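Engineer: One structure follows; several queries about it will come next.
The values are calculated or read from the model by the stated rules, or taken from the named source; none is laboratory data. Please read these numbers as outputs of a predicted model, since none were measured by experiment. As a convention, Cβ positions derive from the backbone with ideal geometry for all residues, glycine included, and neighbour counts pool all protein chains shown.
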Amino acid sequence: MPQINPALTLARTGIAATLALLAVGASAQTVLKIGYTPAKDSHYWVGSTTFCAEIEKNTQARYKCQQFPSSALGGEREQIEAVQLGTQDAVITSTGPVGNFVPEIKVVDIPFLFRDYDHARKVFDGPIGQELLTKFPAKGLVALTWTENGFRHMTNSKRAIVKPEDAKGLKVRTMENKVHMDGYRTFGILPTPMAFPEVFGALQQGTVDGQENPIPVIISSKFWQVQKYASLTGHVYSPALLLVSTRLWGKLSDADKKVFLDAAKVGTAAQRKKVDEDDANGVALMEKEGMQVVRNVDKTAFQEALKPAYAAYAKEFGAENIKKIQDVR
């Protein structure tokens, strides 16, 4: 009978146990699918990358992300639907199509509702914004945080826009958002709703004359290749949301839910910082790339033109709810 070496047996047992633990660790890792429509290196990418890094670090890599920028998983509406169904784990989306899923948030899409970034961020980080986040679970979605897209500006291939009359008759791609479209019609624009993945091609082919988006989107999409004029209208503040599926959320422990919520806050701060940087540097880049940028837009004329739409908004959302947002200081 062969002699058994106790030290060797112990070593083998230790190796086997370590391998077993490694196997369990590997199988316990969950890879999350997170998508968004802007390109890699955009403000959405910065927010998503930061959010994902925080999750991976603070769950000891039990959760990590696979990112899908540049509409790789479809337009915003399709991605929200996928998150709702649980076939996609997370999406960073503008509010553009979100009102079709959670009607209560449509109020924040009203043109010229927010004075500046400070005002907007205080609203969304404060009681009004946090109360709106509670409306999502009933619609099969979990909203972790309000993040940011930025103030929207107009671009087109036809002429410089200084006042509403200059925009009259232009066919402009808009988000699939009735609140925006109703407002833009008062400027004489012909709003053409279209999913973001189709926009560049539509501008290139002349299907539409222009589009409107924040500077971070304009520069990350290189719209100067298909648009000659940009006007800094700042007509709408465009918030964004980090949404996750109820399917994923239901699997998380309370401790992991806190990790996700904390990571969302850190990701939001990074995304806002990138928006600030792009707003500060983007106009010079747009001009360098050949765009004619109108800085001195007649915003008062645009706000006057919007009055009929505001009467309709007051009926739909309640004048007191609009005023509550406007009054935040």
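Engineer: Which of the residues belonging to region 285-309 are touching a strand residue (DSSP E or B) at 6+ places or on another chain (Cβ under 8 Å) and either outside any helix (DSSP H, G or I) or among the aromatic types (Phe, Trp, Tyr) (or both)? Write out each step before concluding.
Structural biologist: So the first thing to find is which residues in region 285-309 are touching a strand residue (DSSP E or B) at 6+ places or on another chain (Cβ under 8 Å), and the list is 286-287, 291-295, 297, 299, 302.
Hits for region 285-309 are Met291, Gln292, Val293, Val294, Arg295, Val297, Phe302.
Per-residue answers, yes or no, for (1) aromatic (Phe, Trp, Tyr); (2) in contact (Cβ under 8 Å) with a residue 40 or more places away in the chain; (3) assigned to a helix (DSSP H, G or I):
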residue	(1), (2), (3)
Gly250	no, no, yes
Ala255	no, no, yes
Phe260	yes, yes, yes
Gly267	no, yes, yes
Glu277	no, no, yes
Val283	no, yes, yes
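Engineer: A further question on this structure: Among Ala143, Ala138, Ala167, Ala160, which is the only one that is touching a strand residue (DSSP E or B) at 6+ places or on another chain (Cβ under 8 Å), small (Gly, Ala, Ser) and within 23 Å of Gly99 (Cα to Cα)?
Structural biologist: Ala143
Engineer: I need the full set of residues from region 63-112 which are part of a strand (DSSP E or B) and of a type outside the set (Lys, Arg), in order please. Even if it seems obvious, please write down each step before you answer.
Structural biologist: We begin by selecting, within region 63-112, every residue part of a strand (DSSP E or B); these are 63-68, 90-94.
Tyr63, Cys65, Gln66, Gln67, Phe68, Ala90, Val91, Ile92, Thr93, Ser94, listed by residue number.
Engineer: Separate question: Specify which of the listed residues (Val259, Val293, Val328) is closer than 30 Å to Glu54 by Cα and of a type in the set (A, V, I, L, M).
Structural biologist: Numbers: Val293 fails: closer than 30 Å to Glu54 by Cα; Val328 fails: closer than 30 Å to Glu54 by Cα.
Result: Val259 is the single residue among Val259, Val293, Val328 that is closer than 30 Å to Glu54 by Cα and of a type in the set (A, V, I, L, M).
Engineer: Answer with yes or no whether Phe151 is touching a residue at least 24 places away in the same chain (Cβ under 8 Å), under 17 Å from Thr233 (Cβ atoms), buried (at least 19 other Cβ atoms within 10 Å of the Cβ) and touching a helix residue (DSSP H, G or I) at 6+ places or on another chain (Cβ under 7 Å). If you could, list the steps in order and put the result at the bottom.
Structural biologist: Values: touching a residue at least 24 places away in the same chain (Cβ under 8 Å): yes; under 17 Å from Thr233 (Cβ atoms): yes; buried (at least 19 other Cβ atoms within 10 Å of the Cβ): yes; touching a helix residue (DSSP H, G or I) at 6+ places or on another chain (Cβ under 7 Å): no.
Against the criterion (touching a residue at least 24 places away in the same chain (Cβ under 8 Å), under 17 Å from Thr233 (Cβ atoms), buried (at least 19 other Cβ atoms within 10 Å of the Cβ) and touching a helix residue (DSSP H, G or I) at 6+ places or on another chain (Cβ under 7 Å)), Phe151 does not qualify.
Engineer: Limited to region 180-194, what total is found for residues that are out of contact with any strand residue (DSSP E or B) (no Cβ under 7 Å at 6 or more places or on another chain) and closer than 12 Å to His235 by Cβ?
Structural biologist: 3
Engineer: Within region 83-133, can you find the residues that are within 17 Å of Phe317 (Cβ to Cβ), of a type in the set (S, T, N, Q) and surrounded by 24 or more Cβ atoms within 10 Å (Cβ to Cβ)?
Structural biologist: Answer for region 83-133, where residues must be within 17 Å of Phe317 (Cβ to Cβ), of a type in the set (S, T, N, Q) and surrounded by 24 or more Cβ atoms within 10 Å (Cβ to Cβ): just Thr95.
Engineer: Just to be sure I understand the filter: pairs with C-beta atoms under 6 Å, separated by 6 or more residues or on different chains, first member in region 117-140 and closer than 13 Å to Val107 by Cβ, second member among the acidic types (Asp, Glu) and surrounded by 14 or more Cβ atoms within 10 Å (Cβ to Cβ). Which pairs pass?
Structural biologist: Here the result reads Lys135/Glu104, each pair linking region 117-140 to a residue that is among the acidic types (Asp, Glu) and surrounded by 14 or more Cβ atoms within 10 Å (Cβ to Cβ).
Engineer: For region 195-214, state whether one or more residues are in contact with a Phe, Trp or Tyr (Cβ under 8 Å, 6 or more places away or on another chain), in a helix (DSSP H, G or I) and closer than 23 Å to Lys168 by Cβ.
Structural biologist: Among the residues of region 195-214, at least one is in contact with a Phe, Trp or Tyr (Cβ under 8 Å, 6 or more places away or on another chain), in a helix (DSSP H, G or I) and closer than 23 Å to Lys168 by Cβ, which makes the answer yes.
Engineer: Among the residues of region 12-30, is any closer than 17 Å to Leu243 by Cα, at pLDDT 95 or above and touching a strand residue (DSSP E or B) at 6+ places or on another chain (Cβ under 7 Å)? Let's see the steps before the verdict.
Structural biologist: At the first step, the residues of region 12-30 found to be closer than 17 Å to Leu243 by Cα are none.
No, region 12-30 contains no residue that is closer than 17 Å to Leu243 by Cα, at pLDDT 95 or above and touching a strand residue (DSSP E or B) at 6+ places or on another chain (Cβ under 7 Å).
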